[in-house]
Amino acid sequence: MRGAPLFAADLHAADRVHVLGPSAEARLTVDLLARAGIDAVARSVDDGPVPPGAPCFVDIAGLSPDAADAMLAMAGTPGRGWVMSAPLDAIDHLMTLAGDSGAALLCDPDDADRLAAVRLAVWYGRTPVREGGDEMEAQLRRLNEEVARMASVLADLAQDRAALADRRRDYAGPPPDADAAPVRAVTASDLKAAIRARRLRERYFPADLFGDPAWDMMLDLLLAEMEHRRVPVSSLCIAAAVPSTTALRWIGQMTQQGLLVREADALDRRRSYVKLGTDAGIRMRRLLGTLAEQGLPIP
């Protein structure tokens, strides 16, 4: 990583990243960011709150729950300009600390994960874009170019999907009544077999070849619902069969869409659970029951 700083041209002096965590880990993170051209400073509990709007990287690895709580209480309220990191065994606590703040969540991240998340935190953080002549124009130009590129890609995808939809009408048969209960109810045994079959693929092909974390998590949560189990965030990350940081992003997006619901433990606020949203659970049962009626396997 030595050589020309990464992203340095896009950063401002006020975008200094404040790093909180165990002192040794904080120093390593500061050094990592510095080598990438990102200004960063390690903070301790004695330094007081993080300046409002400043980007912040928080790592609770190795901290006791009480120490993590104290550090966050000192630092201030998480927001979009924050990156919060934890090992898998502390991810439930991290989710509770982050709440619905919009902070980026990382689980056992490597250096690339840290750099990418901090870069996005600086870009999309709470600090407003500063008016600065040529520099501001350059930022806006890059953003406009990216938006134009994405619009072109989406337009192509829309055309492809329209053509695919026309072809699918010949195979789909009459549309099912989405509000009608299926004749055959899916069972926990059906779900276990489907989940086992999905994992068996990884014996013969690379695991990331079939990545479908949203569906893997929904199958796991429906099975837990049938078995009257609660699913911690950490367990759901494992069920997603993708890197934990990727699973956290999916959990966040699916929660925003109402597909998932996050619940805090009434007896231990450091634990966080996830379940299917009511409507998502109903539609999952109807979909899988319809597949069974038509003699089709659970994908």
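Considering only residues that are in contact (Cβ under 8 Å) with a residue 24 or more places away in the chain, at negative phi and open to solvent by less than 50 Å² (accessible area, probe 1.4 Å), which ones fall in the range 240-260?
As a first pass, look at the range 240-260 and keep what is in contact (Cβ under 8 Å) with a residue 24 or more places away in the chain: 240-252, 254, 259-260.
Keeping just the survivors that are at negative phi gives 240, 242-252, 254, 259-260.
Across the range 240-260, the qualifying residues are A240, V242, S244, T245, T246, A247, L248, I251, G252, M254, L260.
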* Going through the range 6-33 one residue at a time, which ones are loosely packed, with under 14 Cβ neighbours inside 10 Å and either modelled with pLDDT under 75 or of a type outside the set (D, E, K, R) (or both)? -> A8, A9, H12, A13, A14, S23, A24
* **Subset of the range 261-290 (residues that are open to solvent by 40 Å² or more (accessible area, probe 1.4 Å), of a type outside the set (K, R) and within 16 Å of the chain's Cα centre (by Cα))** => V261
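Could you identify the single residue in L72, L94 that is farther than 20 Å from I238 by Cα and out of contact with any Gly (no Cβ under 9 Å at 6 or more places or on another chain)?
Details: L94 fails: farther than 20 Å from I238 by Cα.
From the options L72, L94, the qualifying one is L72.
So if I check each of A42, A36, A90, which one is surrounded by 15 or more Cβ atoms within 10 Å (Cβ to Cβ), modelled with pLDDT of 90 or more and under 27 Å from W250 (Cβ atoms)? Spell out the reasoning first.
On the way: A42 fails: under 27 Å from W250 (Cβ atoms); A36 fails: modelled with pLDDT of 90 or more.
Going through A42, A36, A90 in turn, the sole match is A90.
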* Limited to the range 221-239, what total is found for residues that are more than 17 Å from the chain's Cα centre (by Cα) and open to solvent by 20 Å² or more (accessible area, probe 1.4 Å)? -> 6
* **Residue that is nearest to L88 (Cα to Cα) [pool: residues in the range 208-217 that are surrounded by fewer than 21 Cβ atoms within 10 Å (Cβ to Cβ) and of a type in the set (A, V, I, L, M)]** => A214
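Per-residue answers, yes or no, for (1) hydrophobic (A, V, I, L, M, F, W, C); (2) under 23 Å from S101 (Cα atoms); (3) at pLDDT below 90:
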site	(1), (2), (3)
P206	no, no, yes
A214	yes, yes, no
P232	no, yes, no
A239	yes, no, no
Q257	no, yes, no
Y273	no, yes, no
G277	no, yes, no
L287	yes, no, no
* To do: Test G81 against the stated conditions and say whether it is at pLDDT below 60 and crowded, with 18+ Cβ neighbours inside 10 Å.
  => no
* **Selection from the range 113-130 of residues that are more than 16 Å from V19 (Cα to Cα) and either surrounded by 14 or more Cβ atoms within 10 Å (Cβ to Cβ) or modelled with pLDDT of 90 or more (or both)** => W123, R126, T127
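The values are calculated or read from the model by the stated rules, or taken from the named source; none is laboratory data. Bear in mind that the values here come from a model prediction, so they are computed numbers and not experimental data. Methodologically, a virtual Cβ is constructed for each residue, glycine included, from the backbone with ideal geometry; neighbour enumeration extends over all protein chains shown. For accessibility, only protein heavy atoms count, side chains too; no ligands or nucleic acids. Shrake-Rupley method; radii C 1.70, N 1.55, O 1.52, S 1.80 Å.
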